[in-house]
Amino acid sequence: MDNALKLPADFETYPEARKAGFLRMKALKDSGAKVVGMFCSFVPYELIYAAGALPVGLCAFTDEPIPAAEANLPRNLCPLIKASYGFALTDTCPYFYFSDLVVGETTCDGKKKMFELLNEIKETHVMQLPHSRDGAALEFWKGQVIAFKEKLEQKFSVTITEEDIRKAIKQKNRERRVMKDFLELGKLDPAPLSGYEMGTRIDAGMFSFDLDERCDIIEKRTAEVKAEWEATKKGTPSTRPRLLVTGCPNAGVREKIIRAVEEMGADIVAFDTCNGIREKVELVDENNPDVYEALAIKYLNINCSVMSPNQSRMDYIRQMVEEYNIDGVIEIVLQSCHTYDVEAYYVKKLVVEELDKAYLNIETDYSQSDKGQLSTRLAAFLETIDR
Ligand code: BJ8
């Protein structure tokens, strides 16, 4: 079995892509661009584009700024939250520096309280996210969508028209389709590319700020991979286990889990995560006469574990296991992430009892201290899968 991770010559790692984006961002700022920093899939990007501004994902993926963050935040908090705050506090995230406004959301307890502290460093507008999906919640969330639009109008002294929003919905829907097509390459068997590349490209796409250009790059890569698969891989069965990764955002643990398990001889072919297909499965309804309702429905349906109940996540994992021909599921839970940690009960039950597939739960943080132990656990997990 060839375990080497095959990456194209032009591949940029996430830190490389993030760094390359700095100069592009600086040039855009120098020419007058307005920038809105964000951390989460629940934020309606369309409104930011409709305001003539650029959304950018803020740094939250290494443990470097965590000691500084722990001066003000408890140690037993999710590393993603500590890193987000730490980068801002130590002024080491250029994207935070260039942001004119930060937008947060009341997803989990730690994040929503951290945004209060973040607001002391840079103006942070917080969207109050309800945690259910009934009619009252939808009405409330629609109000929050409108309040965010009004905040953008006031902040940037612009008027956002419904036409602006419709145009942005179309653009963003195109991006969702393009990214979904790319991620669905994982359905091909044998796997046509590594999960490491898939996840990295989706995350790194955020640093190419022109939406159309971002789509063109991914479309080109999808076509290349498909053509190569047709020519060299189709019809050649592989014994490498096919894995689905689910759970918390994994950019901060990509090397020690995603890359490591693929180098051990498995293929990660599907991601039920925010840098996977989670936000891309449902489009914003372009035909809804009420654009705010259309946005509210789409975003409230994101199947993150902060929602309760969250049956749609289980339904989607079941569907993915079938469609991607999955042998095993790795669930990544960042330390102290209570919602994913508790919901893991249902994921395990579904995967092991109902679908009869292998399941591994990894609770981890951004440090390298558990790297050796993780390698041992990942290797043992792969041993249990017989293709
Ligand atoms: S839509 S997954 S990006 S909230 S910060 S909940 S890991 S304890 S990030 Fe997320 Fe939006 Fe959901 Fe996606 Fe847990 Fe940490 Fe909270 Fe987290």
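Quick notes on this structure:
- Against the list (1) in a loop (DSSP other than H, G, I, E, B); (2) touching a residue at least 12 places away in the same chain (Cβ under 8 Å); (3) not aromatic (Phe, Trp, Tyr), the condition residue 21 fails is (1).
- Residue count for region 203-234, restricted to those that are farther than 13 Å from residue 12 by Cβ and under 17 Å from the mean Cα position of the chain (by Cα): 5
- Tally, over region 84-93, of residues that are more than 10 Å from the ligand (Cβ to nearest atom), within 20 Å of residue 21 (Cβ to Cβ) and open to solvent by less than 30 Å² (accessible area, probe 1.4 Å): 4
- Qualifying residue in region 76-83 (condition: open to solvent by 40 Å² or more (accessible area, probe 1.4 Å), away from the ligand (no atom under 16 Å from the Cβ) and modelled with pLDDT of 95 or more): no
Okay, residues lined up against (1) among the small types (Gly, Ala, Ser); (2) open to solvent by 60 Å² or more (accessible area, probe 1.4 Å):
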{"site": "253", "(1), (2)": "no, no"}
{"site": "266", "(1), (2)": "yes, no"}
{"site": "275", "(1), (2)": "no, no"}
{"site": "280", "(1), (2)": "no, no"}
{"site": "317", "(1), (2)": "no, no"}
{"site": "320", "(1), (2)": "no, no"}
{"site": "323", "(1), (2)": "no, yes"}
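Conditions tested, residue by residue: (1) modelled with pLDDT under 95; (2) under 18 Å from the mean Cα position of the chain (by Cα); (3) on the phi > 0 side of the Ramachandran plot; (4) within 16 Å of the ligand (Cβ to nearest atom).
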position: 10; (1), (2), (3), (4): yes, no, no, no
position: 13; (1), (2), (3), (4): yes, yes, no, no
position: 19; (1), (2), (3), (4): yes, no, no, no
position: 30; (1), (2), (3), (4): no, no, no, no
position: 34; (1), (2), (3), (4): no, no, no, no
position: 47; (1), (2), (3), (4): no, no, no, no
position: 52; (1), (2), (3), (4): no, no, yes, no
position: 64; (1), (2), (3), (4): no, no, no, no
position: 68; (1), (2), (3), (4): no, no, no, no
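Residue by residue, here is whether (1) in contact (Cβ under 8 Å) with a residue 40 or more places away in the chain; (2) assigned to a loop (DSSP other than H, G, I, E, B) holds:
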{"site": "340", "(1), (2)": "yes, no"}
{"site": "343", "(1), (2)": "no, no"}
{"site": "347", "(1), (2)": "yes, no"}
{"site": "353", "(1), (2)": "no, no"}
{"site": "366", "(1), (2)": "yes, yes"}
{"site": "369", "(1), (2)": "no, yes"}
{"site": "373", "(1), (2)": "no, no"}
{"site": "381", "(1), (2)": "yes, no"}
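- Residues being of a type in the set (Gly, Ala, Ser) and open to solvent by less than 20 Å² (accessible area, probe 1.4 Å) - total across region 30-56: 5
- Verdict on residue 294 being farther than 29 Å from residue 59 by Cβ, of a type in the set (A, V, I, L, M, F, W, C) and assigned to a helix (DSSP H, G or I): yes
- Selection count where residues are touching a residue at least 60 places away in the same chain (Cβ under 8 Å), open to solvent by less than 50 Å² (accessible area, probe 1.4 Å) and within 14 Å of the ligand (Cβ to nearest atom), scope region 97-133: 10
- Residue 299 meets each of the listed conditions (1) more than 16 Å from the ligand (Cβ to nearest atom); (2) open to solvent by less than 40 Å² (accessible area, probe 1.4 Å) apart from (1).
- Hits in region 348-373 (condition: open to solvent by 20 Å² or more (accessible area, probe 1.4 Å), out of contact with any strand residue (DSSP E or B) (no Cβ under 8 Å at 6 or more places or on another chain) and among the aliphatic types (A, V, I, L, M)): 355
- Residues in region 304-353 that are in contact with a helix residue (DSSP H, G or I) (Cβ under 6 Å, 6 or more places away or on another chain), within 13 Å of the ligand (Cβ to nearest atom) and more than 25 Å from residue 259 (Cα to Cα): 306 only.
The values are calculated or read from the model by the stated rules, or taken from the named source; none is laboratory data. These numbers were taken from a predicted model, which means no experiment stands behind them. Cβ: placed from backbone, ideal geometry, glycine included. Neighbour counts: every protein chain shown. In case anyone asks, the SASA skips ligands and DNA or RNA and just uses the protein heavy atoms, side chains included. Shrake-Rupley method; radii C 1.70, N 1.55, O 1.52, S 1.80 Å.
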